[in-house]
Amino acid sequence: MNNLFEINDWKIIETSFSPEKQKQAESIFSIGNGSFGQRANFEESYSGESLQGSYVGGVYYPDKTRVGWWKNGYPEYFAKVLNSCNWIGIDIEVDGEKVDLHHAKITSFYRELDMRNGTLLRKVRLTLRNGKELEIESLRFCSMKRNEIAAISYSVRPLNFSGNVRFSPFLDANIYNDDSNYDEFFWEEESQKAGNKKAYVCAITKKTGFHVASSMRISFWEENQLVDIRPNYMTKPLYAENSFEHFLEKGKKYTLKKYVSICSTLNHSDFSLITHGINQVKEAYLTGFEELLNEHKSAWHEIWENADIQISGDTAAQQGIRFNIFQLYQTYTGSNEKLNIGPKGFTGEKYGGATYWDTEAYCIPFYLKTADSKVARQLLIYRFNQLDKAIENASKLGFKNGAALYPMVTMNGEECHNEWEITFEEIHRNGAIIYAIYNYVRHTGDTEYIREYGRPVINAVARFWAQRFNWSAAKKAFVMLGVTGPNEYENNVNNNWYTNYIARWCIEYALEIESSWSEKEGALLSKEEVETWSHLVKNVYLPQLEGTNIFLQQDGFMDKELLNASDIPSEERPINQHWSWDRILRSVFIKQADVLQGLYFFEDQFDLEDIKDNFDFYEPKTVHESSLSPCVHAIIAAKIGDLNKAYEMYLRTSRLDLDDYNHEADEGLHITSMAGTWVSVVEGFAGVRINENNITLEPKIPSSWESYSFKIRFKNQTVAITINQNGYHVSNLGDQPINLICNGNQHVLEASQTSESLQLI
Ligand code: BGC
């Protein structure tokens, strides 16, 4: 474990500057607002190691793929999230020397991410090479209230001199991606303009043609007094700045306020984009920094009201869970159905900012319980809108009659990942999309969704599965060959238990939905489909170890050398950084929950003993080299009563990035697994389960926590739950009664009622 930053309930704090930690810190201290996001780069020039990162939701580049040998069906491109216009830039120059923390002598440094208020603060005292001493203080935020606005308050105080200082706030779209297959430059100039205390830069992405307009307005203050400055303005391709010199008196604080708008043709026409951006930033400027900040804070407070988990007695755990919640809401707020949740959110370039099955399997459960149902609905609508592309994708692979295969990785519905074992074979993602619809309906009771949007998606996916199974005369059952399960440490396997199980479930669910809706709304499946599918679901092959209740991950699993992860020497972990790929593929080691993922999704269909025996079989063989793994294991461990294991797994997921377990926080954060962390507290420790008619609770509490409490949404009502070492209670904050099953006993909790204190098991 590698504690990088200070432990604090609501804040992430760094009190000294370490250039070698700068890239990690840039990821950890990132800020965003669901529409765009920004790594914690410095406003002023910095010539040390850094990953400049400003990302705009939905804006990507179709990078040419790199593959050794092209095969039919490969997607044409690999989508890259684009590093876009640097909007934070403010250069400072004293006597011809640029302020640059890489060269200056830093006498004090403080950086703080305030998660409650969504702000990034930095205070530095430094001595330049020319001997001038300065104090810099910057506070910035990406407005949660106005999703195209950000603001920076940047102050300079001369400490040992009075004299002229040059301020040059700028916008710069001459930005290269770190992650680019052929070191191409991804932007083209549209236009740029600068005027008195204002400027904009509009850049166009090559090939995809997204226009991104960044506009700024500035004001300058001596202490609290507005100063009338007359900047020089300058533009060059993809760049615009204002620049002015001002005489600064020793000891006084001078503040540049920079208001920025960032908008793109994802949401606006190219005709109106620039004017829209200019108008937005003008409005923000007229509103003023304080007012913008206050409304931004209130928007965060509203989110925390529903999404927070309060843990007392363990500040590290408290900080960890809040960091996860904070990053998730910075990445996705549900305000735009065109957006989704990239595994690194707006904190880095890896994974292309694209949509993975992570959204349905991990993030939707989080948003369903912490936000209005509209948020999860948007994520479902995103996939509904891409159904045609999913059908096209399946047809390219030879599937017919409207069968749909959703991509493993996508920006716009097209598959954009080029490893064959992922794109062609990791088809289980199709199942998670249907599971998310089912999950949405049981949390919200919104059955209308099925009528309006759900049925076509469910049927198209079921059609794919029905065609993907084939009859095996040898096994006298339907089998599924050549897949990759969630465990990506083995490819091209036959009968991955998880994939066969979820595929069968999807077809069963399609049949169930058809039978309940076809009479009222008309049939959407043909008679023949209903008949053949009904036969198929009764005859699906699911590998199982003979004479036991162990569900085998795939055919041939028992032929492997049955070692445990504890047999791997610690210096060879993680195996993906030490072993050849061939060795990994042949080994028994499991990258992430696979059979256990299925037992988690469908736990109602299994006895506790089955779940326990499979957990005991698979957990020791799992190396958890995907961030998505420990949370599922934590939930199951808590379910089977292994609280120590649950806690161990929880710690691993909750502070994964803060403590940089995987030594890769510099590349960006693991946003999607953060949702799994939240779920591992609520579904793991607290044992919350949602069914159509009730909430079930089986709370436990780690011994190091005094208490924890959180709220969940159920059918548009809020329920609050507090658990301590002696018991727990539940409050219904809504206006309708709620059915609870607590430790197996039924209760009806009336509107506004709080239960008596209930016993932990
Ligand atoms: C995991 C996948 C996941 C992807 C993006 C991979 O390492 O194995 O399950 O979808 O990361 O988070």
Failed item in (1) surrounded by fewer than 21 Cβ atoms within 10 Å (Cβ to Cβ); (2) assigned to a strand (DSSP E or B); (3) in contact with a Leu (Cβ under 8 Å, 6 or more places away or on another chain), with SER709 passing the rest
(3)
Condition check: within 24 Å of SER654 (Cα to Cα) and in a strand (DSSP E or B). Does GLN310 satisfy that?
yes
Examine the stretch 351-358 for a residue that is open to solvent by 10 Å² or more (accessible area, probe 1.4 Å), outside any loop (DSSP other than H, G, I, E, B) and more than 16 Å from the ligand (Cβ to nearest atom), and state whether such a residue exists.
no
So how many residues does the stretch 658-694 have that are among the β-branched types (Val, Ile, Thr) and either in a loop (DSSP other than H, G, I, E, B) or within 16 Å of the ligand (Cβ to nearest atom) (or both)?
5
Name every residue in the stretch 743-761 that is exposed (fewer than 14 other Cβ atoms within 10 Å of the Cβ) and part of a loop (DSSP other than H, G, I, E, B), in order of residue number.
GLY744, GLU750, ALA751, SER752, GLU756, SER757, GLN759, ILE761
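Criterion first (without any contact (Cβ under 8 Å) to a residue 60 or more places away in the chain, among the basic types (Lys, Arg) and assigned by TED's automatic domain parsing to the domain that holds MET144) does LYS236 satisfy it? Full working, then the answer.
Values: without any contact (Cβ under 8 Å) to a residue 60 or more places away in the chain: yes; among the basic types (Lys, Arg): yes; assigned by TED's automatic domain parsing to the domain that holds MET144: yes.
It is true that LYS236 is without any contact (Cβ under 8 Å) to a residue 60 or more places away in the chain, among the basic types (Lys, Arg) and assigned by TED's automatic domain parsing to the domain that holds MET144.
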Mind checking whether some residue in the stretch 302-322 is out of contact with any Gly (no Cβ under 9 Å at 6 or more places or on another chain), within 16 Å of the ligand (Cβ to nearest atom) and at pLDDT 95 or above?
no
Residue selected from the stretch 252-282 under the condition among the β-branched types (Val, Ile, Thr) and over 27 Å from the mean Cα position of the chain (by Cα), by the criterion surrounded by the most Cβ atoms within 10 Å (Cβ to Cβ):
VAL281
For the stretch 667-676, does any single residue satisfy the condition of being surrounded by fewer than 24 Cβ atoms within 10 Å (Cβ to Cβ), modelled with pLDDT under 95, under 25 Å from the mean Cα position of the chain (by Cα) and more than 17 Å from TYR367 (Cα to Cα)?
yes
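For every residue, the table says whether it meets (1) in a loop (DSSP other than H, G, I, E, B); (2) touching a residue at least 60 places away in the same chain (Cβ under 8 Å).
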position	(1), (2)
ASN495	yes, yes
TRP505	no, yes
GLU508	no, no
VAL530	no, no
Return a yes/no flag: does the stretch 148-170 have any residue that is modelled with pLDDT of 95 or more, surrounded by 23 or more Cβ atoms within 10 Å (Cβ to Cβ), under 16 Å from PHE289 (Cα atoms) and of a type in the set (Phe, Trp, Tyr).
yes
Could you tell me whether ASP582 is under 26 Å from GLY684 (Cβ atoms), more than 14 Å from the ligand (Cβ to nearest atom) and open to solvent by 10 Å² or more (accessible area, probe 1.4 Å)?
no
How many of the residues in the stretch 682-697 are modelled with pLDDT under 95 and acidic (Asp, Glu)?
1
Mind checking whether some residue in the stretch 424-433 is modelled with pLDDT under 95, outside any helix (DSSP H, G or I) and within 27 Å of the chain's Cα centre (by Cα)?
yes
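I need the full set of residues from the stretch 412-423 which are open to solvent by less than 30 Å² (accessible area, probe 1.4 Å) and either in a loop (DSSP other than H, G, I, E, B) or away from the ligand (no atom under 13 Å from the Cβ) (or both), in order please.
Our first condition is that a residue be open to solvent by less than 30 Å² (accessible area, probe 1.4 Å); within the stretch 412-423, this holds for 413, 415-418, 421-423.
Listed by number, the residues that qualify are GLY413, GLU415, CYS416, HIS417, ASN418.
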Please specify each residue of the stretch 436-468 satisfying the condition of being closer than 27 Å to LYS400 by Cβ, open to solvent by less than 10 Å² (accessible area, probe 1.4 Å) and either touching a Lys or Arg at 6+ places or on another chain (Cβ under 7 Å) or of a type in the set (Ser, Thr, Tyr) (or both).
VAL457
Checked the stretch 611-657 for anything more than 16 Å from the ligand (Cβ to nearest atom), at pLDDT 95 or above and assigned to a loop (DSSP other than H, G, I, E, B); matches are ILE640, GLY641, ASP642
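Taking the options GLU184, GLU245, name whichever one is open to solvent by 10 Å² or more (accessible area, probe 1.4 Å) and either over 25 Å from GLY96 (Cβ atoms) or assigned to a loop (DSSP other than H, G, I, E, B) (or both).
Details: GLU245 fails: either over 25 Å from GLY96 (Cβ atoms) or assigned to a loop (DSSP other than H, G, I, E, B) (or both).
Within the list GLU184, GLU245, the selection yields GLU184.
The values are calculated or read from the model by the stated rules, or taken from the named source; none is laboratory data. Computed from a predicted model, the values in this text were never measured in an experiment. All Cβ positions, even for glycine, are placed from backbone atoms using ideal geometry, and neighbour counts span all protein chains on display. Ligands, DNA and RNA are excluded from the accessible area calculation, which covers all protein heavy atoms including side chains. Shrake-Rupley method; radii C 1.70, N 1.55, O 1.52, S 1.80 Å.
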